[in-house]
Each structure stands twice: as structure tokens, then as C-alpha cells.
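Chemist: Next up is a structure, given as C-alpha cells.
Each reported figure results from applying straightforward, stated rules to the coordinates on display, with no laboratory input. Every value quoted in this text rests on a predicted model; they were computed, and no experiment measured them. Here Cβ is always computed from backbone atoms with ideal geometry, including for glycine, and neighbour counts include all displayed protein chains.
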Amino acid sequence: MMYKVTLIPGDGIGPEITDVVVDVFEHLKAPISWEVVEAGEKEIEKNGTPLPEKVIESIKKNKVALKGPITTPIGKGFRSVNVTLREELGLYANLRPVKSLPGINTRFENVDLVVVRENTEGLYKGIEYKIDEVATAIRVITKKASEKIGFFAFKYAKENNRKKVTAVHKANIQKLTDGLFLDCIREISKNFPEIEYEEKIVDNMSMQLVMNPEKYDVLVAPNLYGDILSDLAAGLIGGLGFAPGANIGENIAVFEAVHGSAPDIAKKGIANPIAILRSSIMLLDYLKLNELSRKLENAISEAVKDKEALTPDLKGKGNTETIKQKIIDHLS
């Protein structure tokens, strides 16, 4: 069976790193055909928006997309493309696996946890107003969204042989909003007695992650906390250059590298493609192409051991082409 997948190259280094995925999938003989659609800064000049309707239509049709980083212009009145995609497509769950790679030197060697972030509400609703010298933001937490993300986290844990779910909150201060979130997660946890459940206040959770990351498995959190913790956790494994991500809805999923578009190194041939490749592993798993995903995962794990092939941001002496070729060699 051939799967059609929407490919959004994005801005900056986006086209370079998504090209790597296309080449690697060809050598992997993955049954994927790509439908390329453009979004980002170039589309503002052409169509007056960074997110043309054709992008939404393509993803709705194909149900699966791989997205390069997209720049949101600052101070020009455009909403974040990422936030808009999540709302338009109902991508309520942001999934961020954080797993150490062999040969990458960090303080920790065996990090293997997953951040599950509610993706559609909280402060990211962007409801703000200002009266005189007072600016106010409204934080929205609903029972429906909290139950959905809670069920997603426990279901993910069960299906992936995870042992524990930790709910992250600030209910000691945000008693109504985070209180509602916690109530929902607690109720969901009762349906999964085989999975250990605990709760951590977000500031304590931040400290625990940088001291004892091995104690944690699946973290489930409201939007803002999940955003912060997933970047913090990425630092445990070497940074955002290794961090994959997925935005998942009822029947649509968009996979992406979570780092920025890095325009300062665009077209220099030194962009690090590891994060987008690890995101493509998640894409393969989502399509139940598990044998191919494990093959690619193993190839990446072997390739990054060669310091000569790594890109400069990883303190290597190579470039985008050398790390791509090293991965392809291991696939062979």
C-alpha cells in the first residue's frame, strides 16, 4: 500500500532538512509519495498569508503531514502557523518523545521519557486585552480538552509499554483551571489501574527533570507547561537538534522538527537533519510501518557515533550531506 503524505518544506533550513527525509525514505524504500505544499514567509509575498488554504486542504485530504520549521513574522499581524494548524485541524495532542542517542555526550545517558502536551487551549488561545497600563491574558481550561489529553496520555502509555504517567500542574495557585485539569486526569487514571499515576507541581517537575530524569516516563501537562517542559527535556539529550515532535488529532497527524528555521545557516549545507528524521520515525510508526521505523532508528543511532560526519552544531566536522550519507550507508 502506498501512502500519500503532505510535505511542507517551510522556511530557512526547512527545505534542506526535509530533502534529507525524502532521500532517506527513498533508500529505505518506504511506501510514501509526497504532496509538496508551501507555507511560510514566501507565501506571504505570493498570497498575503503564511498559511494558504491549499495547505489545510492537502492535510485534510491526506490525513498525514511532515512539516519543516516555519517562521512566524514578528509584529506583522500574522498568527503562528503552528497554532493555526492545531486549531484548524483539531490537533489536540502534542507528542514529544525525549530519548538519548548513543555517542551524544550529555550529563545523562539513558533518558527515555515522553511529554504529552494539551495543544489547543490555555494561554495559547491568545485572548488578551489592555486597559490603560494593565494588560490581561485569559487562560482557558476545559473539561473536554483535559479529558481528551488525559485519555491520550494513558492510552499512549498502555500501547507503548510505559509504566507511569505524571500529571504536571500548578493547582496550588491556579486552583480552578489547573484544579479542573487535575480532576479530569485523576478520573481518567482510574480506567488504567495497571499504570502508576502521580502528580507534580510544574516548578518541582522542572527541577526533578534536570536531577533525576530516569524516574519519569510519560508526562501529561496543559499547553504552556508542556511547551516549556518539552524544551527543557530536549536539553537532557543534547538539544532541540535531536527532538522530534507530532501534533495528533482524531484522524489527522502532523509531524515536525520542533526547532526553529535557523535562517542564519540556511543554504550553507550545515543544517542538522536529525530532529526531522526522528520525527519521520514517528510518522512511520503512526502509519504502522514499524519495521521501517526501527530500521531508520537503528541507522541514525549508528550514524551519530561518527563525529566526523556530524554537523557543526553537534561539534562535528561534517555537514548535512555527510550525516545523510552516513545514515543511508547504515540503511544498506
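Chemist: Can you compute the helix-only [θ] at 222 nm over the chain? Use -39500 (n - 2.57) per DSSP H run of at least 4 residues, normalise by all residues, nearest 500 deg cm²/dmol.
Modeler: The helix-only estimate for the chain comes to -12500 deg cm²/dmol at 222 nm.
Chemist: Between Lys190 and Glu214, what is the label-to-label distance in nm when each label sits 7 Å out along the Cα-to-Cβ direction?
Modeler: 3.6 nm
Chemist: Still on this structure, please answer the following. Once Rh is set to the Kirkwood radius over Cα pairs, what Stokes-Einstein translational diffusion coefficient, in µm²/s, holds for the range 31-130 at a temperature of 10 °C and a viscosity of 1.306 mPa s?
Modeler: Once the numbers are plugged in, D ends up at 97 µm²/s.
Chemist: A further question on this structure: Taking amide H atoms as placed 1.01 Å from N in the peptide plane, list the residues 5 or more away in sequence, or in a different chain, whose amide H sits under 5 Å from that of Asp11.
Modeler: Amide H to amide H, under 5 Å and 5 or more residues apart or across chains, Asp11 pairs with Ile70, Thr71.
Chemist: If you don't mind, another one. Any idea what log10 I(q)/I(0) is at q = 0.10, 0.12, 0.15, 0.21 Å⁻¹ for the range 119-236, Debye with uniform C-alpha scatterers and no solvent?
Modeler: The Debye formula, applied to the Cα set alone, gives -0.32, -0.45, -0.68, -1.22.
Chemist: Now, a different point. Just Asp264, Asp217, Asp285 to compare: in a GNM of the chain, with alpha carbon springs under 10 Å, which one fluctuates most?
Modeler: For the chain, modelled as a Gaussian network with Cα springs under 10 Å, the answer is Asp264.
Chemist: Still on this structure, please answer the following. Taking just the alpha-carbon atoms of the range 259-312, what radius of gyration and Dmax come out, in angstrom?
Modeler: Cα radius of gyration and Dmax of the range 259-312 are 13.1, 37 Å respectively.
Chemist: In whole percent, what relative contact order does the chain give with Cα contacts below 8 Å and a gap of six or more residues?
Modeler: 21 percent
Chemist: With Cβ to Cβ distances under 10 Å as the rule, what net charge do the other residues near Ser146 carry (K, R +1; D, E -1)?
Modeler: Spelling it out: positives minus negatives among the neighbours equals -3.
Chemist: In addition: Using DSSP to call loops (not H, G, I, E or B), can you name the trypsin sites (Lys or Arg not before Pro) in the range 104-172 whose Cβ has at most 15 other Cβ atoms within 10 angstrom?
Modeler: Arg107, Lys163
Chemist: Rounded to whole Å and sorted largest first, list the principal axis extents of the Cα atoms in the chain.
Modeler: Taking max minus min along each principal axis of the Cα atoms, the chain gives 53, 47, 42 Å.
Chemist: Still on this structure, please answer the following. Evaluate the distance, in nm, between pseudo-label points positioned 7 Å from the Cα of Ile201 and of Glu26 along their respective Cα→Cβ axes.
Modeler: Each label point is offset 7 Å from its Cα along the Cβ direction, giving 5.5 nm.
Chemist: Considering Cα pairs under 8 angstrom that are at least six residues apart, work out the relative contact order of the range 119-236 and quote it in whole percent.
Modeler: The normalised contact order for the range 119-236 reaches 31 percent.
Chemist: Output ³J(HN,Hα) for the range 8-20: one whole-Hz value per residue in order, computed from phi by the Karplus curve 6.51 cos²θ - 1.76 cosθ + 1.60 with θ = phi - 60°, and x for Gly and Pro.
Modeler: Whole-Hz 3J(HN,Hα) from phi for the range 8-20: 10, x, x, 10, x, 7, x, x, 5, 7, 6, 4, 4.
Chemist: Now for a different question. Could you sort 83-96, 189-202 so that the peptide with the highest average Cβ count within 10 Å comes first and the rest follow in order?
Modeler: 83-96, 189-202
Chemist: Less than 14 Å Cβ to Cβ from Asp112, Lys/Arg counted +1 and Asp/Glu -1: what total charge do the surrounding residues give?
Modeler: +3
Chemist: Please compare each pair in Lys295/Lys326; Lys155/Lys324; Lys268/Lys315 to a cut-off of 25 Å on the Cα-Cα distance and tell me which ones are over it.
Modeler: Lys155/Lys324, as the Cα separations exceed 25 Å there.
Chemist: Are any of the pairs Lys99/Lys288; Lys67/Lys267; Lys67/Lys305; Lys4/Lys54; Lys144/Lys170 more than 22 Å apart by Cα-Cα distance, and if so, which?
Modeler: Lys67/Lys305
Chemist: Here is a further query. How large is ³J(HN,Hα) for each residue in the range 87-101, as worked out from phi by the Karplus curve 6.51 cos²θ - 1.76 cosθ + 1.60 (θ = phi - 60°), to whole Hz, x for Gly and Pro?
Modeler: My calculation for the range 87-101 gives 6, 5, 9, x, 7, 7, 10, 9, 10, 10, x, 10, 9, 4, 10 Hz in order.
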